[in-house]
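What follows is a set of notes on a single structure, which appears directly below.
The values are calculated or read from the model by the stated rules, or taken from the named source; none is laboratory data. All figures in this text were calculated on a predicted structure; none of them were measured in a lab. Glycine gets a Cβ as well: all are built from the backbone with ideal geometry, and neighbour counts include every protein chain shown. What goes into the accessible areas is simple: the full protein's heavy atoms, side chains included, and nothing from ligands, DNA or RNA. Shrake-Rupley method; radii C 1.70, N 1.55, O 1.52, S 1.80 Å.
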Amino acid sequence: MDEPLEIEQEGQVEGLGPPAWAAFGDLMAGVLGAFVLVLAAALVGQLDLANQLEAEVQQRQAEQARREALERALAGPLADGRITLVEGRIGISGAVLFATGSDELHADGHTLLKSLAVPLRTYLAQRDEILMVSGFTDDRGLIAGKGAPRFADNLELSAQRALTVTRALMAEGLPPDAVFAAAFGPQQPVASNVDAAGRALNRRVEIAPTPRPRRAAASAP
């Protein structure tokens with residue numbers, strides 16, 4: 001007796017029935033979804049990178065504008081070589097301001113600081129910044145009779161010199177809340193201490209504008 005013939009249903013392919021097609025469709029949908037997610041992530045990453053680059057460009061432009069404004073404000077002292085201006089830091093030779101081992105201002109040093117006070121005060125009035133006055137020394141120990149009895153070490157000497165300059169600037173009209181002192185002693189030299197010329201460069205005071213710290217909001221009662 002002949003066996004009944006099996007009739008393939010329309011739309012079926014031998015070895016690949018409806019369940020296989022459904023699984024294949026689900027797989028393709030998953031692949032497409034994953035591709036869309038990867039593409040979206042890439043676009044978001046590119047957007048974030050573009051925003052970061054734009055922020056960096058704006059920050060650099062603002063910094064450049066700040067330095068140019070400071071250079072214009074100090075055009076006079078810069079032109080006659082009494083000060084230097086490097087990366088926004090005003091440099092004054094220690095010899096211009098003080099005798100060896102001393103924190104008492106020379107007359108010429110006081111005159112120089114007086115000439116800086118007005119342009120610095122004007123500069124600060126236009127910006128939310130304050131001045132950091134930093135004292136630096138060379139790496140030589142204090143010489144007996146020239147500061148050793150008064151100062152414990154170079155760090156203390158640099159601190160007192162920074163305070164002297166800070167007080168002189170405040171006496172010339174800089175707001176007390178817009179200037180502060182810092183001491184570095186022999187740290188952060190700008191030249192080698194192996195010869196007299198290098199040590200002279202390291203004995204210095206720097207005045208650098210810096211952003212004003214943000215005050216914490218007052219606590220609610």
Legend entry - Search result, residues across the stretch 104-128 that are part of a helix (DSSP H, G or I), closer than 19 Å to GLY173 by Cβ and open to solvent by 50 Å² or more (accessible area, probe 1.4 Å): HIS110, THR111, LYS114, VAL118, ARG121, THR122, ALA125
Legend entry - Given (1) open to solvent by less than 20 Å² (accessible area, probe 1.4 Å); (2) part of a loop (DSSP other than H, G, I, E, B); (3) free of Cβ contacts under 8 Å to residues at least 60 places away in the same chain, number of the condition ALA152 does not satisfy: (1)
Inset, instruction - Determine if the stretch 156-164 includes at least one residue that is of a type in the set (Gly, Ala, Ser), open to solvent by 10 Å² or more (accessible area, probe 1.4 Å), part of a helix (DSSP H, G or I) and at pLDDT 95 or above. - result: yes
Legend entry - Given (1) open to solvent by 60 Å² or more (accessible area, probe 1.4 Å); (2) in contact with a Ser or Thr (Cβ under 9 Å, 6 or more places away or on another chain); (3) of a type outside the set (Val, Ile, Thr); (4) free of Cβ contacts under 8 Å to residues at least 60 places away in the same chain, number of the condition ARG203 does not satisfy: (4)
Inset, instruction - Test PRO186 against the stated conditions and say whether it is closer than 13 Å to VAL205 by Cα and open to solvent by 10 Å² or more (accessible area, probe 1.4 Å). - result: yes
Inset, instruction - Go through the stretch 97-143 and give me each residue that's out of contact with any helix residue (DSSP H, G or I) (no Cβ under 7 Å at 6 or more places or on another chain) and either of a type in the set (Lys, Arg) or closer than 13 Å to VAL165 by Cα (or both). - result: SER102, GLU104, ALA107, THR111, LYS114, ARG121, ARG127, MET132
Inset, instruction - Considering each residue of the stretch 68-103, count those that are in contact with a strand residue (DSSP E or B) (Cβ under 8 Å, 6 or more places away or on another chain) and either exposed (fewer than 12 other Cβ atoms within 10 Å of the Cβ) or free of Cβ contacts under 8 Å to residues at least 24 places away in the same chain (or both), and give that number. - result: 4
